[in-house]
Amino acid sequence: MEQKLNHFDGNGNAVMVDVTEKKITKRTAVASGKIKVSPAVIDAVIHGTSKKGDVLGVARVAGIMAVKQTPNLIPMCHTLLIQKCSVDFDVHEEACEIISLCTVRLEGKTGVEMEALTGVSISLLTIYDMCKAIDKAMEITDIHLESKSGGKSGNYIRDEGRSL
């Protein structure tokens, strides 16, 4: 079965999807990603010695702000009334990596996957920005959707063993 792309009209022009007839449902999306850093960066993050301040605190706020700005960054995203957003971090000192996890929730007619992915991306970019004076070789990887619930397509939970 051929899947029709719903962001294009019959003439191939990009359009925003019409959601006026969709039902309002509770929707949640969780995305994650990681940044691989040097031991010096991990030390600065853990001990709060970065010259630019509280790295994870600023990255958290940046991620939340990014979620709210998603339709200004990605052209066909709808403006949404976000009802819950969190950005959390797991610092793995021995592996020299920081995991960002963004959860977005609302009751609405369209999902929040892009908002969660944007929140993760910007939180990790903020870590990079705040620590680049220590080490420019940091690497942002593995940004992906962990799960989503609600809406016509139902629930999705990422298969950990999945290989692309």
Considering only residues that are part of a loop (DSSP other than H, G, I, E, B) and small (G, A, S), look in region 6-17 and name the one that is nearest to the chain's Cα centre (by Cα). G12
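Select from region 79-112 the residues that are in a loop (DSSP other than H, G, I, E, B) and surrounded by 15 or more Cβ atoms within 10 Å (Cβ to Cβ) and write down the one among them that is nearest to the chain's Cα centre (by Cα).
V112
Scanning region 18-70 for residues that are in a loop (DSSP other than H, G, I, E, B) and among the acidic types (D, E), which turns out nearest to E115 (Cα to Cα)?
Checking each candidate, the answer is D18.
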Is it fair to say K148 is over 15 Å from the mean Cα position of the chain (by Cα), basic (K, R) and at pLDDT 95 or above? no
If a residue must be under 27 Å from I24 (Cβ atoms), open to solvent by 70 Å² or more (accessible area, probe 1.4 Å) and in a helix (DSSP H, G or I), how many such residues does region 113-164 contain? 1
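The values are calculated or read from the model by the stated rules, or taken from the named source; none is laboratory data. None of the values given here were measured: they were computed from a predicted structure. FYI the Cβ positions are ideal-geometry reconstructions off the backbone, even for glycines, and counts take in every protein chain you see. All accessible areas refer to the heavy atoms of the entire protein, side chains included, with ligands and DNA or RNA removed. Shrake-Rupley method; radii C 1.70, N 1.55, O 1.52, S 1.80 Å.
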